[in-house]
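Asks: Have a look at this one.
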Amino acid sequence: MSGGQAWRRKMVAGLLAGTAAPIENEVEDVRSRARNLMRVHWALERVDALRRANKAMVAAWMAMLAPYDDVDEEDLPDFDPPPEELAAEAIHAEIRAALDEDRWPAFLHWSV
């Protein structure tokens, strides 16, 4: 295979992998793919954790409001958010940082 054909194959492989430029260093290509897989795994785990945290948060709010079922909304006392809400917000912030700012936990940068 000529040098031009090898370059084209790398370019197509790079495009299919989601990178626009050809990968020069195959070791870095493997590391990059491993990092991407780890990030996908992390993201799926964090979304599952957010679902669980949201479910716990709703249950906590419902438990706090249960004694006030017969009270009009404007007559409800001010409540501090339950700890479950703060936990859900923290997980949501992690996910938003990865999506909006491309900020990932350190182990997803350097572990591979």
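Every number in this text was worked out from the coordinates using simple rules, so none of it is lab data. Since we're looking at a predicted model, the values are computed, not measured. Neighbour counts are summed over all protein chains in view; Cβ atoms, including those assigned to glycine, are modelled from backbone coordinates with ideal geometry.
Asks: Determine the distance separating the Cα centre of segment 68-112 from the Cα centre of segment 24-66; give it in Å without decimals.
Replies: Going from one Cα centre to the other spans 13 Å.
Asks: What number comes out for the charge environment of LEU37, summing +1 per Lys or Arg and -1 per Asp or Glu over other residues with Cβ under 14 Å away?
Replies: Counting the neighbours of LEU37, the net charge comes to +2.
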